1. Any chance you could give the angle, 0 to 90 degrees and rounded to 10, that helix 69-90 forms with the longest Cα principal axis of the chain?
2. Just to confirm the number: angle between the C-alpha axis of helix 25-36 and the first principal axis of the chain, 0 to 90 degrees, nearest 10?
3. Which distance in nm do the two modelled labels at LEU4 and VAL83 give, with both placed 7 Å along the Cα-to-Cβ direction?
4. For ALA51 and ALA110, calculate 0.36 nm times their separation in residues minus their Cα-Cα distance, and state this gained length in nm to one decimal.
5. Which trypsin sites (Lys or Arg not before Pro) from region 50-132 combine a DSSP loop assignment with at most 13 other Cβ atoms within 10 Å?
6. What does the net charge come to around ALA110 if you take all other residues with beta carbon closer than 13 Å to its beta carbon, with K and R at +1 and D and E at -1?
7. Would you please classify the overall shape of the chain from the alpha carbon gyration tensor, given that a ≥ b ≥ c denote the square roots of the eigenvalues, rounded means a/c under 1.5, and beyond that prolate means a/b larger than b/c while oblate covers the rest?
8. Size of the dipole of the chain about the Cα centre, Lys and Arg at +1 and Asp and Glu at -1 on the beta carbon, nothing else charged, in debye to 20?
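Computed from the coordinates by the stated procedures, all read-outs in this text should not be read as laboratory data. Keep in mind that what you see is a predicted model, and the values were worked out from it rather than measured. Reconstructed Cβ throughout: ideal geometry from the backbone, glycine too, with neighbour counts over all protein chains shown.
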Amino acid sequence: MGELEERHKEIDHTKPIYVMCRTGRRSTEAQQKLKALGFTNVVNVIGGIEAWKKEELPVERDEHAPWSIERQVRFTAGLLVFVGVAMSLLVHPYFIALAGFVGFGLAFTAVIDWCGMGLLIAKMPWNKRTAV
């Protein structure tokens with residue numbers, strides 16, 4: 001969605017545009033952004049892919065698509081905690097600070113509802129889409 005303002009001219013304005021995300025929150029934002037950019041026929045699939053699946057509608061899955069950002073954050077945080085604990089046992093006890101730092105960071109991001117790790121992971125090359 002971050003590329004919409006830069007690349008919206010590549011999209012055909014004469015055809016309807018359907019936007020969908022996992023639960024519908026981000027697609028609502030995308031719909032509003034597209035309308036602000038001059039698109040008139042933008043359809044938001046309410047409830048997202050989760051509602052689509054619940055209705056047992058057909059879903060095609062890209063087996064090469066990256067994990068969701070949330071899943072990548074959980075994986076990275078878990079791996080950092082594991083490495084911190086392992087290093088504190090095998091190398092030096094101060095490595096436990098890594099696990100503590102990640103644990104504190106997870107709690108803090110929940111309180112402020114902003115995740116720097118997620119923003120950083122979203123910028124990784126494997127999370128970049130080639131199309132809008």
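1. The answer is roughly 10 degrees.
2. 50 degrees
3. Once both label points are built, they end up 3.5 nm from each other.
4. Numbers: separation 59, 0.36 × 59 = 21.24 nm, distance 2.53 nm.
The span from ALA51 to ALA110 would gain 18.7 nm if fully extended.
5. Values: sites: LYS53, LYS54, ARG61, ARG71, ARG74, LYS123, LYS128, ARG129; in loops: ARG61, LYS123, LYS128, ARG129.
Here the sparse-neighbourhood loop sites are ARG61, LYS123, LYS128, ARG129.
6. Values: positive: ARG74; negative: GLU70, ASP113.
Cβ neighbours under 13 Å give a net charge of -1.
7. Details: a/c = 2.69, a/b = 2.31, b/c = 1.17.
In terms of gyration-tensor shape, prolate.
8. On the way: 16 positive and 14 negative charges, 22 e Å.
Here the size comes out at about 100 debye.
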